[in-house]
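Student: The structure under discussion is supplied below as structure tokens; questions concerning it will follow.
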Amino acid sequence: MKEPNAFGKILRKMRVDSTEVLGTMAKRLEISSAYLSSIESGEKPIPCGLVDNIVEKYGLSEEQRQALVKAEAESKGVVDVDLGENKNSDAGVETAVLFARDFSRLTDEQLLKLKSLLERFEKEAMKDSRRNDE
């Protein structure tokens, strides 16, 4: 038997905190009780779109959604990248593919440097966005 993963633990806690039995939550999410149980226990993979479905059906905040997304990524070992407006940009697609392909080769030190750099880019983008709104 597999150990429950981060996503399964959050899902079970949500269910218990909202005093729902497995069948009630499964019906609400439009999946079978057996499948929901398997997701909670880490036996079955997290289906695509489940996070969005949970957020919608339970009216979760952006912070709660981010926690689910993070737990899903930890559990799957995979992160989806929304290219947004860059989906038609060769540079955007190539950069995302290059980043994904070589990500597993990065050391912890390189990951921390990259995280810091991306955080700076995000702050700059927010400043630029605010300037454009003025």
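Student: Checking the structure you have, find out if any residue of the range 56-67 is over 28 Å from ASP102 (Cβ atoms), in contact (Cβ under 8 Å) with a residue 40 or more places away in the chain, among the hydroxyl-bearing types (Ser, Thr, Tyr) and assigned to a helix (DSSP H, G or I).
Tutor: Yes: one or more hits.
Student: Please go through the range 9-27 and pick out each residue that is closer than 19 Å to ALA67 by Cβ, open to solvent by 70 Å² or more (accessible area, probe 1.4 Å) and not β-branched (Val, Ile, Thr).
Tutor: LYS9, ARG12, LYS13, ASP17
Student: Considering only the range 75-97, state which residues are surrounded by 13 or more Cβ atoms within 10 Å (Cβ to Cβ) and either under 8 Å from the mean Cα position of the chain (by Cα) or of a type in the set (D, E, K, R) (or both).
Tutor: The one that is surrounded by 13 or more Cβ atoms within 10 Å (Cβ to Cβ) and either under 8 Å from the mean Cα position of the chain (by Cα) or of a type in the set (D, E, K, R) (or both): LYS76.
Student: Scan the range 99-134 residue by residue and report those that are in a helix (DSSP H, G or I) and hydrophobic (A, V, I, L, M, F, W, C).
Tutor: Result: PHE99, ALA100, PHE103, LEU111, LEU112, LEU114, LEU117, LEU118, PHE121, ALA125, MET126.
Student: Could you check how many residues of the range 29-49 are among the hydrophobic types (A, V, I, L, M, F, W, C), open to solvent by 50 Å² or more (accessible area, probe 1.4 Å) and part of a loop (DSSP other than H, G, I, E, B)?
Tutor: Residues that pass the stated criteria total 1.
The values are calculated or read from the model by the stated rules, or taken from the named source; none is laboratory data. Values in this document were obtained by computation on a predicted structure and should not be read as measured data. Cβ sites come from the backbone with ideal geometry, for glycine too, and all protein chains shown count toward neighbours. SASA here: full protein model, heavy atoms, side chains in, ligands and nucleic acids out. Shrake-Rupley method; radii C 1.70, N 1.55, O 1.52, S 1.80 Å.
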